[in-house]
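Worksheet: the structure to be examined is printed underneath.
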Amino acid sequence: MEDVLEVYHRPHDPARPMVCMDECSKQLIAEVRDPLPPRPGHIAKYDSEYERRGTANIFMAVEPLAGKRCVRITDQRTRTDWALFIRYLLLTVYPEVAALVLVMDNLNTHGIASLYEAFDPATARALASRLEIHYTPKHGSWLNMAETELSVLSRQCLDRRIENKEILTREATTWEKERNRTHAKIDWRFTTADARVKLKRLYPSYQA
(Lines give C-alpha, C1' and ligand atoms only; values in the text may rest on other atoms or scores of the structure.)
Protein backbone atom coordinates (compact mmCIF):
# COMPACT_ATOMS: atom_id res chain seq x y z
CA MET A 1 0.00 0.00 0.00
CA GLU A 2 2.68 2.49 0.99
CA ASP A 3 4.52 1.79 -2.26
CA VAL A 4 1.49 2.92 -4.28
CA LEU A 5 0.88 5.94 -2.06
CA GLU A 6 4.46 7.09 -2.48
CA VAL A 7 4.16 6.74 -6.25
CA TYR A 8 1.02 8.88 -6.18
CA HIS A 9 2.90 11.72 -4.50
CA ARG A 10 5.79 11.86 -6.91
CA PRO A 11 5.98 15.12 -8.90
CA HIS A 12 4.72 14.95 -12.46
CA ASP A 13 7.42 13.69 -14.82
CA PRO A 14 6.44 13.87 -18.53
CA ALA A 15 9.27 11.45 -19.37
CA ARG A 16 7.94 8.86 -16.89
CA PRO A 17 4.20 9.55 -16.50
CA MET A 18 2.32 7.76 -13.75
CA VAL A 19 -0.66 5.90 -15.24
CA CYS A 20 -3.28 3.85 -13.39
CA MET A 21 -4.92 0.96 -15.21
CA ASP A 22 -8.05 -1.06 -14.43
CA GLU A 23 -10.84 -2.92 -16.21
CA CYS A 24 -14.47 -3.85 -15.72
CA SER A 25 -17.28 -5.69 -17.51
CA LYS A 26 -20.39 -4.14 -19.00
CA GLN A 27 -23.53 -6.21 -19.51
CA LEU A 28 -24.94 -5.59 -22.99
CA ILE A 29 -28.73 -5.33 -22.91
CA ALA A 30 -31.18 -4.75 -25.77
CA GLU A 31 -34.73 -3.45 -25.52
CA VAL A 32 -37.53 -5.81 -26.53
CA ARG A 33 -39.95 -2.89 -26.92
CA ASP A 34 -39.21 0.67 -27.95
CA PRO A 35 -38.93 3.00 -24.93
CA LEU A 36 -41.48 5.79 -24.60
CA PRO A 37 -39.65 9.12 -25.01
CA PRO A 38 -39.93 11.82 -22.36
CA ARG A 39 -42.65 14.43 -22.71
CA PRO A 40 -43.72 17.44 -20.61
CA GLY A 41 -44.43 16.24 -17.09
CA HIS A 42 -43.32 12.67 -17.80
CA ILE A 43 -39.95 10.95 -17.84
CA ALA A 44 -38.90 8.39 -20.42
CA LYS A 45 -40.28 4.92 -19.76
CA TYR A 46 -38.59 1.56 -20.42
CA ASP A 47 -40.13 -1.89 -20.43
CA SER A 48 -39.05 -4.17 -17.60
CA GLU A 49 -38.31 -6.91 -20.13
CA TYR A 50 -34.99 -6.92 -21.93
CA GLU A 51 -32.68 -9.17 -23.92
CA ARG A 52 -29.18 -10.04 -22.75
CA ARG A 53 -26.53 -9.68 -25.44
CA GLY A 54 -23.47 -10.89 -23.53
CA THR A 55 -20.78 -8.69 -22.03
CA ALA A 56 -17.93 -6.45 -23.13
CA ASN A 57 -14.77 -5.54 -21.29
CA ILE A 58 -13.66 -1.96 -20.62
CA PHE A 59 -9.97 -1.20 -20.20
CA MET A 60 -9.21 2.12 -18.54
CA ALA A 61 -5.88 3.92 -18.22
CA VAL A 62 -5.77 7.32 -16.54
CA GLU A 63 -2.91 9.73 -15.97
CA PRO A 64 -4.28 11.63 -12.95
CA LEU A 65 -1.71 14.45 -12.86
CA ALA A 66 -2.22 15.31 -16.53
CA GLY A 67 -5.99 14.86 -16.72
CA LYS A 68 -5.60 12.29 -19.49
CA ARG A 69 -7.31 8.95 -19.93
CA CYS A 70 -7.66 6.19 -22.50
CA VAL A 71 -10.56 3.74 -22.85
CA ARG A 72 -10.57 0.60 -24.99
CA ILE A 73 -13.46 -1.84 -25.41
CA THR A 74 -12.72 -5.54 -25.96
CA ASP A 75 -14.71 -8.75 -26.15
CA GLN A 76 -12.75 -10.38 -23.33
CA ARG A 77 -10.19 -9.67 -20.60
CA THR A 78 -7.58 -12.33 -21.33
CA ARG A 79 -3.80 -12.11 -21.02
CA THR A 80 -3.59 -11.26 -24.70
CA ASP A 81 -6.22 -8.52 -24.37
CA TRP A 82 -4.23 -6.95 -21.55
CA ALA A 83 -0.99 -7.22 -23.52
CA LEU A 84 -2.57 -5.58 -26.56
CA PHE A 85 -3.86 -2.74 -24.39
CA ILE A 86 -0.40 -2.19 -22.88
CA ARG A 87 1.15 -2.18 -26.35
CA TYR A 88 -1.43 0.39 -27.44
CA LEU A 89 -0.56 2.60 -24.48
CA LEU A 90 3.19 2.38 -25.06
CA LEU A 91 3.24 2.67 -28.85
CA THR A 92 0.23 4.89 -29.59
CA VAL A 93 -0.74 6.92 -26.51
CA TYR A 94 2.76 7.37 -25.02
CA PRO A 95 5.20 6.63 -27.87
CA GLU A 96 7.80 9.20 -26.81
CA VAL A 97 8.09 8.53 -23.07
CA ALA A 98 11.03 6.65 -21.58
CA ALA A 99 8.74 4.54 -19.38
CA LEU A 100 5.27 4.29 -17.93
CA VAL A 101 4.97 4.11 -14.16
CA LEU A 102 2.04 1.71 -14.18
CA VAL A 103 -0.24 1.20 -11.16
CA MET A 104 -2.72 -1.68 -11.38
CA ASP A 105 -4.36 -4.58 -9.57
CA ASN A 106 -2.33 -7.76 -9.15
CA LEU A 107 -4.51 -9.97 -11.38
CA ASN A 108 -3.06 -13.04 -13.04
CA THR A 109 -3.41 -11.39 -16.46
CA HIS A 110 -1.53 -8.24 -15.38
CA GLY A 111 2.09 -9.21 -15.75
CA ILE A 112 5.13 -9.27 -17.98
CA ALA A 113 4.47 -12.95 -18.76
CA SER A 114 1.33 -11.87 -20.65
CA LEU A 115 3.48 -9.81 -23.01
CA TYR A 116 5.59 -12.86 -23.81
CA GLU A 117 2.45 -14.90 -24.37
CA ALA A 118 1.05 -12.36 -26.82
CA PHE A 119 4.18 -11.25 -28.72
CA ASP A 120 7.51 -12.52 -29.93
CA PRO A 121 10.33 -12.33 -27.32
CA ALA A 122 11.99 -9.23 -28.79
CA THR A 123 8.73 -7.27 -28.89
CA ALA A 124 7.73 -8.40 -25.40
CA ARG A 125 11.12 -7.39 -23.99
CA ALA A 126 10.98 -3.99 -25.68
CA LEU A 127 7.57 -3.31 -24.17
CA ALA A 128 8.48 -4.66 -20.73
CA SER A 129 11.60 -2.50 -20.57
CA ARG A 130 9.40 0.61 -20.68
CA LEU A 131 7.21 -0.40 -17.73
CA GLU A 132 7.76 0.38 -14.05
CA ILE A 133 4.97 -1.66 -12.43
CA HIS A 134 3.46 -1.03 -8.99
CA TYR A 135 0.68 -3.36 -7.82
CA THR A 136 -2.08 -2.42 -5.42
CA PRO A 137 -2.30 -4.86 -2.48
CA LYS A 138 -4.83 -7.65 -2.20
CA HIS A 139 -8.23 -6.23 -1.12
CA GLY A 140 -6.82 -2.77 -1.83
CA SER A 141 -8.33 -2.04 -5.24
CA TRP A 142 -9.67 1.26 -3.84
CA LEU A 143 -6.07 2.51 -4.07
CA ASN A 144 -6.25 2.32 -7.86
CA MET A 145 -7.30 5.69 -9.26
CA ALA A 146 -8.39 4.01 -12.49
CA GLU A 147 -11.19 2.45 -10.44
CA THR A 148 -12.34 5.98 -9.60
CA GLU A 149 -12.27 6.93 -13.28
CA LEU A 150 -14.27 3.83 -14.22
CA SER A 151 -16.86 4.86 -11.65
CA VAL A 152 -17.12 8.30 -13.30
CA LEU A 153 -17.52 6.65 -16.72
CA SER A 154 -20.27 4.39 -15.38
CA ARG A 155 -22.19 7.28 -13.81
CA GLN A 156 -21.85 9.74 -16.66
CA CYS A 157 -22.06 7.49 -19.68
CA LEU A 158 -22.98 3.86 -19.08
CA ASP A 159 -25.83 3.95 -16.54
CA ARG A 160 -28.38 2.73 -19.09
CA ARG A 161 -29.05 -0.18 -21.40
CA ILE A 162 -26.51 -0.52 -24.20
CA GLU A 163 -27.15 -3.28 -26.67
CA ASN A 164 -23.86 -3.90 -28.47
CA LYS A 165 -20.11 -3.34 -28.41
CA GLU A 166 -20.22 -0.81 -31.23
CA ILE A 167 -22.53 1.54 -29.34
CA LEU A 168 -20.53 1.03 -26.15
CA THR A 169 -17.31 1.90 -27.98
CA ARG A 170 -18.82 5.02 -29.53
CA GLU A 171 -20.23 6.26 -26.24
CA ALA A 172 -17.06 5.57 -24.26
CA THR A 173 -14.89 7.25 -26.91
CA THR A 174 -17.07 10.37 -26.89
CA TRP A 175 -16.87 10.50 -23.09
CA GLU A 176 -13.08 10.02 -23.19
CA LYS A 177 -12.60 12.88 -25.67
CA GLU A 178 -14.70 15.25 -23.58
CA ARG A 179 -12.91 14.38 -20.32
CA ASN A 180 -9.55 14.82 -22.03
CA ARG A 181 -10.63 18.12 -23.58
CA THR A 182 -11.35 19.54 -20.12
CA HIS A 183 -8.24 17.87 -18.60
CA ALA A 184 -10.36 16.43 -15.79
CA LYS A 185 -7.98 15.38 -13.01
CA ILE A 186 -8.22 13.30 -9.84
CA ASP A 187 -7.29 15.14 -6.64
CA TRP A 188 -5.78 12.32 -4.57
CA ARG A 189 -5.10 13.39 -0.96
CA PHE A 190 -4.69 10.12 0.95
CA THR A 191 -1.06 9.84 2.10
CA THR A 192 1.17 7.31 3.83
CA ALA A 193 0.83 9.36 7.03
CA ASP A 194 -2.97 9.12 6.73
CA ALA A 195 -2.74 5.35 6.22
CA ARG A 196 -0.69 4.90 9.39
CA VAL A 197 -3.37 6.73 11.38
CA LYS A 198 -6.60 5.55 9.73
CA LEU A 199 -5.54 1.98 8.94
CA LYS A 200 -3.72 1.10 12.13
CA ARG A 201 -4.94 -2.49 11.91
CA LEU A 202 -2.48 -2.94 9.04
CA TYR A 203 0.43 -1.89 11.28
CA PRO A 204 0.21 -4.32 14.23
CA SER A 205 3.69 -3.48 15.50
CA TYR A 206 3.44 0.27 14.96
CA GLN A 207 3.24 2.47 18.04
CA ALA A 208 2.11 6.04 17.45
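The values are calculated or read from the model by the stated rules, or taken from the named source; none is laboratory data. Everything quoted here is computed from the prediction, not taken from an experiment. As a convention, Cβ positions derive from the backbone with ideal geometry for all residues, glycine included, and neighbour counts pool all protein chains shown. Only protein heavy atoms, including side chains, enter the accessible area calculation; ligands, DNA and RNA are left aside. Shrake-Rupley method; radii C 1.70, N 1.55, O 1.52, S 1.80 Å.
Below are the figures for this structure:
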quantity: Within the accessible area of the stretch 123-171 (1.4 Å probe), percent carbon and sulfur; calculated: 49
quantity: Gyration tensor (alpha-carbon) shape descriptor, the stretch 53-118, a/c threshold 1.5; calculated: oblate
quantity: Highest-first arrangement of 104-116, 54-66, where packing means the average Cβ count within 10 Å; calculated: 54-66, 104-116
quantity: Proximal aspartates and glutamates relative to Lys185, as straight alpha-carbon distance under 14 Å, when same-chain residues fewer than 8 apart are discounted; calculated: Glu63, Glu147, Glu149, Glu176
quantity: Cα gyration tensor shape of the stretch 139-187, rounded if a/c is under 1.5, else prolate or oblate by comparing a/b with b/c; calculated: oblate
quantity: Cα centroid of the stretch 111-154 to Cα centroid of the stretch 46-107, whole Å; calculated: 10
